[in-house]
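The values are calculated or read from the model by the stated rules, or taken from the named source; none is laboratory data. Remember, predicted model here, so these are calculated numbers, not experimental data. Cβ placement follows ideal geometry from the backbone for every residue including glycine, while neighbour counts extend to all protein chains displayed.
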Amino acid sequence: MNREFFDRLRAIESEYLSCHAALSFAVREWATVAEGPEWHGRVRSQAQEALARLEDTYIIRLFSEFEALLREYWADTEATAVPDRVEDLINRFGSKYRLPERIRTQAHDVQYYRNALLHRGARRRGAVPFGSARRALNFFVAQLPER
């Protein structure tokens, strides 16, 4: 698969880990950090809340990038219009390239979790940690032939 796709997903992981480190430091060293102009008017509980929500925020970002990659790949390799629903896109790639059911299911698990974060009442199979989400989406992308 195109190395660029892995690099794009890895870049989001790097952002997530950097933000996590920065917020963890800010919460831990609040007395010192709060004196900086960037934190003027903020309280420690806001940094704690941002840290608590960070993983879900980056799951949304990661899946959005994955979806964009799939849409780009489809547009570059298929003669038909790109499916509107990402669920259909995952399934069509899965069928066309005979991806193992486990790989499709894991990609759908990330999709459903992302949807549950964004939309009340969305189908939910349970939380997917960031590292597991990245692995699942990388496994899916790895199955696609070079374009």
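Residues of the range 80-96 that are of a type in the set (S, T, Y) and either touching a Lys or Arg at 6+ places or on another chain (Cβ under 8 Å) or more than 19 Å from A68 (Cβ to Cβ) (or both): S95 alone. Of the helices (runs of 4 or more DSSP H) lying entirely inside the range 1-109, those containing at least 3 residues that are buried (at least 16 other Cβ atoms within 10 Å of the Cβ) and not hydrophobic (A, V, I, L, M, F, W, C) are 3-28, 44-77, 86-96. Pairs linking a residue in the range 16-41 that is free of Cβ contacts under 8 Å to residues at least 12 places away in the same chain to a residue that is assigned to a loop (DSSP other than H, G, I, E, B) and surrounded by 13 or more Cβ atoms within 10 Å (Cβ to Cβ), with Cβ atoms under 9 Å and 6 or more positions apart or on different chains, are A34/R42; H40/A34. Number of residues in the range 110-136 that are at pLDDT below 95, small (G, A, S) and part of a helix (DSSP H, G or I) equals 1.
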